[in-house]
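Everything below concerns the one structure shown next.
The values are calculated or read from the model by the stated rules, or taken from the named source; none is laboratory data. Every value quoted in this text rests on a predicted model; they were computed, and no experiment measured them. Quick reminder, even Gly has a Cβ in these numbers, built from the backbone with ideal geometry, and neighbours come from all protein chains shown.
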Amino acid sequence: MKKSNVGYFYFLALLVVLGSCKSQKSNKTQQADTETSEDMVIDEIAYPMEDLEQTNDSSIFTVIEDSPEFPGGQDSLMAYLNRNIHYPKEAMEKGIEGTVYVTFVIEKDGSVNKVQILRGIGKACDEEAMRVIRNMSRWKPGFQRGKPVRVQYNIPIKFQLPEE
């Protein structure tokens with residue numbers, strides 16, 4: 001690694017650490033602020049990438065200049081998830097609660113691809129979270145230096161039994 005690239009590497013590492021701290025704090029704040037936010041909080045983790053010319057067409061970015069956006073914005077995304085996630089009967093009967101962390105890639109055309117569970121709470125809830133993410137409409141894609149790019153996106157989906 002060239003000496004000039006070492007400083008850039010440390011800068012990237014610092015941004016990742018700072019971004020993680022910020023998103024954890026904002027997630028807790030969002031969860032406390034509104035009922036909608038209790039059901040779902042968006043977590044964007046990103047860092048600057050090398051020149052676009054140095055990346056190949058299949059590179060997946062985690063932080064970019066112009067982030068992807070669900071049609072209608074963040075509020076519409078939360079409304080979509082609240083309307084479409086159905087608590088699995090099996091999980092309800094067993095009293096399973098918790099947060100399923102889902103990651104996926106928003107492609108250059110805005111389609112959702114590569115849906116995976118980062119951390120799950122059980123098969124039924126995990127599958128329901130993946131089903132809803134796979135069925136999302138196309139997003140406004142993310143852009144880096146004016147070009148559409150593939151972007152990894154993470155969403156925690158909270159399953160909480162109603163209080164009796």
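With respect to residue 114, is the statement that it is within 24 Å of residue 58 (Cβ to Cβ), in contact (Cβ under 8 Å) with a residue 60 or more places away in the chain and surrounded by fewer than 18 Cβ atoms within 10 Å (Cβ to Cβ) true?
It is false that residue 114 is within 24 Å of residue 58 (Cβ to Cβ), in contact (Cβ under 8 Å) with a residue 60 or more places away in the chain and surrounded by fewer than 18 Cβ atoms within 10 Å (Cβ to Cβ).
Considering only residues that are touching a residue at least 24 places away in the same chain (Cβ under 8 Å) and not aliphatic (A, V, I, L, M), which ones fall in the stretch 120-133?
Across the stretch 120-133, the qualifying residues are 122, 125, 126, 127, 128.
Considering each of 75, 109 in turn, give the residue that is among the acidic types (Asp, Glu), in a helix (DSSP H, G or I) and at pLDDT 95 or above.
75
Can you tell me how many residues in the stretch 43-72 are modelled with pLDDT of 95 or more and either in contact with a Cys (Cβ under 9 Å, 6 or more places away or on another chain) or not in a loop (DSSP other than H, G, I, E, B) (or both)?
Number satisfying all stated conditions: 1.
For the stretch 125-156, which positions are in a helix (DSSP H, G or I), out of contact with any His (no Cβ under 8 Å at 6 or more places or on another chain) and buried (at least 18 other Cβ atoms within 10 Å of the Cβ)?
Selection gives 125, 126, 129, 130, 132, 133.
Name the single residue that is nearest to the chain's Cα centre (by Cα) among those in the stretch 140-164 being of a type in the set (Phe, Trp, Tyr) and within 30 Å of residue 90 (Cα to Cα).
Among those residues, the one meeting the criterion is 153.
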